[in-house]
Each structure stands twice: as structure tokens, then as C-alpha cells.
Amino acid sequence: MLETHIDFQTIENLHATGLYGPRGLTLVRGNGATVWDETGRRFIDCTGGYGVASVGHAHPRVAAALAAQAQNLISCPGFFGNDQRALFLEDFSQILPGGMNRVFLCNSGTEAVEAALKFARLTTGRPGVAAAMRGFHGRTMGALSATWETQYREPFAPLLDGFRHIPFNNVAALDEALTETVGAVLLEVVQGEGGVRPGTPEFLQGAQRLCRERGALLILDEVQTGFGRTGRMFAHEHFNLEPDLLCLAKGIAGGFPLGATVLGPRVAPLKVGQHGSTFGGNPLACAAGRATLAVLRGEHLPWQAMEKGTWLLERLQAWSSPKIREVRGLGLMVGIECRERVTPYLQQLQERGVLALNAGPTVIRLLPPLVISSEELAETVTAIREVLQ
Ligand SMILES: Cc1ncc(COP(=O)(O)O)c(C=O)c1O
């Protein structure tokens, strides 16, 4: 038992930046889709730690890989080779789309997007980027320039020049925006933060066609949708897309920080020093990533996400409530759009032992670990019904 007389929340509130609205809960332990607070109370974690814990919290294989590697070698600059990095990249290449065989390793989603924007600029020489309304790509200045929501952008204006936002799922608007100065189109396959909104095949395939015709690169931000979340290893597989650059993070390393930008054949060769990262591709992250890939494949987690996500979506869609406008999603990425702000609902779910995220003001977002059990899913549905009835 932990020292429960310590008020962890107050200590954090005293020293932290105040950037995260606290939920009044201190998590100290996790196993699969379950987490516990410092008093031993159990919760079903449908936040999945912001969607990173795809293989479940504290997966024994990931934990063992981290522990072993931590006693061996934690850091290793990119100019030295490393066994863990090499082995991770080799395993990773087996799940990547054909022709995408160059990988830049970093530490987060926003860095993966930032690198993709730079590699696209190097390749095309064009400054323009077309992104989508309601898109979310991260909080560093380049990724933020592509992000739509004004609350994230406005305090930091002016952002980078040349970024345009077109309505998601509107090919005609993209057609009009894709002028000769635009070098990249940056899209999520399912918009996460923007409300769990799947792209349509017409839009996503249209975006790829327009990019090819106009000499721009298609950057897919699969930071949230990658690694099985939507029922395929990558969400773009649902739509037969061939991105030029693929941005990945979140579920890649069992919750350990790791990000990746994957380059297709249309991306120009890179020269020494054009980009880099001190921590990117460190042996600890790569060991965790390798173990995570083995679990994803060995436990057929993309398939599990599809089965469980379909079950969840059907249960929620089969039930109507005056509080719900729409239920939508793909795999285990589910959004419940409500008629009112969802903050009180999230609190009520938490009181019933279910932790969930918002996606904008009116959408409850569920991103549980892909290993969530059918009992836990059923409990989640019951709690949602109680709160939203
Ligand atoms: C689609 C997408 N891109 C980028 C990011 C940024 O990732 P990170 O918070 O790891 O920088 C996120 C984070 O939620 C995301 O959902």
C-alpha cells in the first residue's frame, strides 16, 4: 500500500504549470485496461493514457523489455549503431506499407508531424500546406500551424505562413486549395481531437489523387489512429491509401515515449544534419517498441480492436437518448457526440469507475487499451447508459 496520507494532487497542483485541468484523481498502478488510484480504487481506463496504452498498462512483455534494456544501455546517439534500434526498425519495416522503408525516430506525435513538414518542404521546395478544419496535429509551431482549433492557435499567433484549412471530407475545397505553392496535404484518417470523425473514402482517395496530380506530398497523421486502434494496423489501410509520409506515436511503444516519421519513395533523400533528435531512437524506447510490436502482432490486437469496437459501437448506436446526437467511430476509437458540454458527464463516468476523454466540448471519446475485456466493455456501456439516459 502506498503512503496514502500524502496528498499527491495538492503537491502536483503546487508545482505544475496548470496546463491540464485536473480530474481529482491520482493514478498509481495499471494492468491491462484497468488502473488504480492511490487508495486502491479501480477504474476502467477508456482514456488509454491519451490513447497510448494500446497493449494495456504494464504489459509484462513491454515491462520486461524496458527493465532489461535499462540495465544494459539507455542512450545511444544516432551516429552510433545500436542493436535495439536495428532490431526495432527491422520488425517495424515488416508492418509498414510497401515502399516506405526510411524511418525517422523521435519522441512524440508533434515531433513526428514537425519532421514530416520539414521533409515535405525539402522535397518539394514549396512552403504551402493544406490541412483540415477540426484537424489536430500537435502543439509545436509547425504542427500547431496545421492544427485547426482557435483555442490552441490564437494565443501563439502569428503562426507559420502558408497553412490553409479546408473543410474535412470536402474534395472540391481541397482541389481549389491545392495551388502550385502547396507542397503538402496533412490529414488525419479519423479526426481524433476534432470529434472522432472518420474520413470518407472519396475524400481521402481524392486527396491522394490530387497530391499526385499537383506534385504535392500526402502526409497522413496516424499518431492517434496507428498501431491497431481502428481495427487495422494503420487506419489508411481501410482506404487503400499510399501516403508519402506517415506520422506515428502514441501506441507505438506500450506507453513509452516514441514517435516516428515514415518516408515513402517520393520523399527526397535526406542529408546529414538536416534534421535530428537527441533522444530519438534511444535503445530504451526501441526495446519497448519492439516488444509492443510483438504483442500487437502476437495477440492480433488490430483484429481485436475491430471486433470489440464493432460490438461497442453497435451497443451504443442501438440505444437512443435525448442527450446523444450521434455515436461514431472506427475500431476502438469511439466518439459519442452529445447535445451539451461533456465535462460533467466525464466526471459522472469517473464516479462510476470509467475514465474517458473528451474530443472538443461536446464529444465523449473512448480510446481504451485494445486488450480491454468484454466484461470491462460491458461495464463501460452500463456506466455510459446510466450517465446519458
Ligand atoms: C492526430 C494527432 N497528431 C498529433 C498529436 C500530438 O501528439 P503528442 O501529444 O504526442 O505531441 C496528437 C495528440 O493527441 C494527435 O492526436
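Report whether or not Gly331 is under 16 Å from Arg197 (Cα atoms) and in contact with a helix residue (DSSP H, G or I) (Cβ under 9 Å, 6 or more places away or on another chain). Yes: the conditions hold for Gly331. Of the strands (runs of 3 or more DSSP E) entirely within segment 101-168, those holding at least 2 residues that are crowded, with 23+ Cβ neighbours inside 10 Å occupy 102-106, 128-132. In this structure, Thr225 qualifies as of a type outside the set (Phe, Trp, Tyr), within 16 Å of the ligand (Cβ to nearest atom), in contact (Cβ under 8 Å) with a residue 60 or more places away in the chain and assigned to a loop (DSSP other than H, G, I, E, B).
Residues in segment 232-281 that are among the hydroxyl-bearing types (Ser, Thr, Tyr) and either assigned to a loop (DSSP other than H, G, I, E, B) or at pLDDT below 95 (or both): Ser277, Thr278. Scanning segment 131-153 for residues that are of a type in the set (S, T, N, Q) and within 14 Å of the ligand (Cβ to nearest atom) turns up Thr140, Ser145, Thr147. Looking at the structure I just gave you, is Gly128 closer than 20 Å to Thr181 by Cβ and within 16 Å of the ligand (Cβ to nearest atom)? Answer is no for this residue. Return a yes/no flag: does segment 174-195 have any residue that is more than 22 Å from Thr123 (Cβ to Cβ), open to solvent by 10 Å² or more (accessible area, probe 1.4 Å) and either touching a residue at least 40 places away in the same chain (Cβ under 8 Å) or not in a helix (DSSP H, G or I) (or both). Yes, because at least one residue in segment 174-195 is more than 22 Å from Thr123 (Cβ to Cβ), open to solvent by 10 Å² or more (accessible area, probe 1.4 Å) and either touching a residue at least 40 places away in the same chain (Cβ under 8 Å) or not in a helix (DSSP H, G or I) (or both). Listed conditions (1) within 13 Å of the ligand (Cβ to nearest atom); (2) open to solvent by 10 Å² or more (accessible area, probe 1.4 Å) are all met by Gln274, apart from (1). The residues in segment 201-220 that are of a type outside the set (Lys, Arg) and either open to solvent by 10 Å² or more (accessible area, probe 1.4 Å) or assigned to a loop (DSSP other than H, G, I, E, B) (or both) can be counted, and the count is 7. Based on what the data block shows, is Thr179 over 18 Å from the mean Cα position of the chain (by Cα) and at negative phi? Answer is yes for this residue. For residues in segment 130-158 being more than 25 Å from Val272 (Cα to Cα) and β-branched (Val, Ile, Thr), which is modelled with the lowest pLDDT? So the residue we want is Thr150. Gly98 meets the conditions (1) at pLDDT 95 or above; (2) closer than 29 Å to Asn169 by Cα in every case but one. The failed one is (1).
Name the helices (runs of 4 or more DSSP H) wholly inside segment 1-77 in which the number of residues that are open to solvent by 50 Å² or more (accessible area, probe 1.4 Å) and either in contact (Cβ under 8 Å) with a residue 40 or more places away in the chain or within 15 Å of Leu357 (Cα to Cα) (or both) is 2 or more.
The qualifying helices (runs of 4 or more DSSP H) are 60-70.
Among the residues making up segment 295-320, those that are part of a helix (DSSP H, G or I), among the hydrophobic types (A, V, I, L, M, F, W, C) and open to solvent by 30 Å² or more (accessible area, probe 1.4 Å) are Trp303, Met306, Trp311. The residues of segment 222-271 that are touching a Pro at 6+ places or on another chain (Cβ under 9 Å) and open to solvent by 50 Å² or more (accessible area, probe 1.4 Å), listed by number, are Arg232, Glu237, His238, Asn240, Glu242.
The values are calculated or read from the model by the stated rules, or taken from the named source; none is laboratory data. Predicted model, so just to flag it, every value in this text is computed and none were measured. Positions of Cβ are generated from backbone atoms using ideal geometry, with glycine treated the same way; all protein chains shown enter the neighbour counts. For the accessible areas, the whole protein counts, side chains as well, though only heavy atoms, and no ligand, DNA or RNA atoms are used. Shrake-Rupley method; radii C 1.70, N 1.55, O 1.52, S 1.80 Å.
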